[in-house]
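So the structure is just underneath, and the comments pick up after that.
The values are calculated or read from the model by the stated rules, or taken from the named source; none is laboratory data. What you see is a predicted model; the values in this text were computed from it and never measured. Neighbour counts are summed over all protein chains in view; Cβ atoms, including those assigned to glycine, are modelled from backbone coordinates with ideal geometry. Just so you know, the surface numbers come from the protein's heavy atoms only, side chains and all, with ligands and any DNA or RNA stripped out. Shrake-Rupley method; radii C 1.70, N 1.55, O 1.52, S 1.80 Å.
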Amino acid sequence: PLAIALLILSLLTRLHRYQTFRSFPRHDELVDIKYWQWRFRWDVFYSGMTWVVAQALFFPVTNTEYRAMLTVLMSGLCTFTQSYMSILPRTYPYYMLPPMLTLVLCHLLLGGIYGFSLVIALTLAMSVLLSTSRHIGQLVTDTVRFSIQNEILKDKAEGANRAKSEFLSSVSHELRTPMTSVFGFAKLIQKRMREEIIPRLDASD
């Protein structure tokens, strides 16, 4: 019954996250970014709290091998989810810290050299995960920023190219009309010179 209750709780949190994802206004320019950031973070926090409940229900007091397996499982789960939960900056700690700190607290309460060793290992793992998460978030932010800047520069280059083409087309049109007149008058003058003026000149002079 406890496992079924935990599964239902986990499904409810994921359903809530999916509903948040579906209701996000992707094409609305007036979206309240701060509100949606906090909403996403609270959804992530609820998912992390699901694992806190799991540890409270199933963390053994005496079985060392089971404690080690649960520790490895939670550490691996937090490591696996880091890659996609770090996309939104400062979101991953909402997921990772609740179950990991609960695990540390359980090992501290149980004490012993084994428990304290796991506390030290988990503390180091949390610091590495948080540091890596910040780097991933910054990398994603920089990638998005550079992509937007490239799109802006591309639009500006295309605009400049269109302006240049329009300018050349306009100049070509404006020059073509007077040049046609000049060319026509030049042909008339050439014909007049050849037919009327040059024959009347004194060839001996």
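Taking the criterion of being modelled with pLDDT under 85 and either of a type in the set (S, T, N, Q) or farther than 21 Å from Ser117 by Cβ (or both), the residues of the stretch 53-79 that qualify are Val53, Ala54, Gln55, Ala56, Leu57, Phe58, Thr62, Asn63, Thr64, Thr71. Looking for something farther than 21 Å from Arg14 by Cβ, assigned to a helix (DSSP H, G or I) and either in contact with a Gly (Cβ under 8 Å, 6 or more places away or on another chain) or modelled with pLDDT of 80 or more (or both) - is there at least one such residue anywhere in the stretch 91-103? The answer is yes; a qualifying residue exists. Of everything listed in (1) farther than 20 Å from Leu103 by Cα; (2) modelled with pLDDT of 85 or more, the single unmet condition for Met49 is (1). For Ser23, the requirement of being polar (S, T, N, Q) and more than 23 Å from the chain's Cα centre (by Cα) is not met. Selection over the stretch 88-105 of residues that are open to solvent by 40 Å² or more (accessible area, probe 1.4 Å) and more than 28 Å from Trp36 (Cβ to Cβ) gives a count of 1. Being closer than 14 Å to Leu70 by Cβ and open to solvent by 60 Å² or more (accessible area, probe 1.4 Å) is the filter here; which residues of the stretch 113-128 pass it? The answer is Tyr114, and nothing else.
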